[in-house]
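Working notes for the structure below.
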Amino acid sequence: MPSVLDSIKVKGMFFKNRFVMPPMQGDHATVEGGVTDKLIKFYEDRSEALGLIIVEHSYVNLHGQLSKRQLGIYDDHLVRGLKELVKRIQPFNTRIVLQLSHAGAKAPSRLGIESVAPSPMESARALSTEEVQMLPYTFGRAAERAMEAGFDGVELHGAHGFLLNQFYSPLTNHRTDEYGGNLNNRIRLPIEIVREVKKKIGTRLLLYRIGSVDLELMGTQIEDSQFFGKALANAGVDILDVSGGTCGAAPKKLAVQEGFFVPQAEAIKAHIDIPVIGVGGVKTPQFANEVIVDGRVDFIAVGRALREDADWAVKAVKYLKAN
């Protein structure tokens, strides 16, 4: 079996190793969502020893903004800064993709944003069927901008209780039209967005971050995500990034051991033939290597450890080569 240091090709694209930096909101952008020197430096400082960087969630329209200094991809004027970010990472031979996101009901009213959701919520109004049908176009335009900026691909954010996850989860989707109800209807919008984005990015990579479980009895179960994962692969997703659903990125029920979403990734991997990324509080190079060697996942994401120590991946590579 390969190790975490071994290269891998996906869709003809070469990754020098299996280490991934997952998207982590930094709030280092301008108030308009533009790239800043501080944001570029954050990624540049961590790029040397990674196979893949997934740049933090970037809002695709103004209804989807989560925080005041969140990175944006909603307008053409933002491409220039993103192009500079990509340019600064390319010398490291590290693949870089941009995560596209819509906060949905999580968009805060303090920013003057009208929050929207699949179904009425305390803080958000329900999207009309016509508005839902416009979302593939919105995500597609954002993907086109990412391609213009030079990214190796995009990731669709369908986890952590954001809009696409809100459509998928039975806890938040109570619609009675074709976008709600049974599982096939709840995944309809994400699949439509995948197909539209696929048209816009050509030969470059399409990743999807799936909210694999909600950790609630009436919420998303792993069997749902095995079905959904297969549908995403059939629709053209190249890599599946497996995280939490409405329970969030680090639920207290699970976040007590390294790799707390790796079991979910492994369970979904058994049902699809595209690579999967495992994640969840990974701290040590030993564990990161072990899950690759054991064939449980194809890539392993290291978030907080990299946020706290920009040289984590460099040290991990040196350690594993020496041992």
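Only the coordinates and a few stated rules stand behind these numbers; no lab work does. No experiment lies behind these values; they were computed from the predicted model shown. Quick reminder, even Gly has a Cβ in these numbers, built from the backbone with ideal geometry, and neighbours come from all protein chains shown.
Couple of notes before you dig in:
- Taking all Cα pairs closer than 8 Å and separated by 6 or more residues, the relative contact order of the stretch 8-322 comes to 15 percent.
- Listed pairs K83/K106; K83/K318; K41/K199; K16/K269; K87/K318; K41/K83 exceeding 20 Å between Cα atoms: K83/K106; K83/K318; K41/K199; K16/K269; K87/K318
- Ratio Rg/Rh [Cα only; Rh per Kirkwood] for the stretch 1-74: 1.08
- Alpha-carbon centroid distance for the pair the stretch 87-132 / the stretch 1-48, whole angstrom: 20 Å
- Sorted fewest first by neighbouring Cβ atoms within 10 angstrom, E196, E32, E122 come out as E122, E32, E196.
- Euclidean distance between Cα centres, the stretch 252-313 to the stretch 193-234, Å: 18 Å
- Distance in nm between pseudo-label sites at S109 and M218 (7 Å out along the Cβ direction from Cα): 2.4 nm
- Ranked by how many other Cβ atoms sit within 10 Å of their own Cβ, fewest first, the residues E258, E308 fall in the order E308, E258.
- Only Lys, Arg (+1) and Asp, Glu (-1) charged, at Cβ; the stretch 8-322 dipole about Cα centre in debye: 660 debye
- Relative to the current alpha-carbon distance between Q90 and T203, full extension at 0.36 nm per residue lengthens the span by 38.9 nm.
- Counted over the chain, the DSSP beta bridges are approximately 10% antiparallel.
- Among 17-26, 3-12, 227-236, 59-68, the order from most to least packed when residues are scored by Cβ within 10 Å on average: 17-26, 59-68, 227-236, 3-12
- Helical contribution to [θ] at 222 nm, DSSP H n ≥ 4, -39,500 (n - 2.57), averaged over the chain, rounded to 500: -10000 deg cm²/dmol
- Here the mean projected area of the convex hull built on the C-alpha positions of the chain is 14.8 nm².
- The ranking of H57, H160, H271 from fewest to most other beta carbons within 10 Å of each one's beta carbon is H271, H160, H57.
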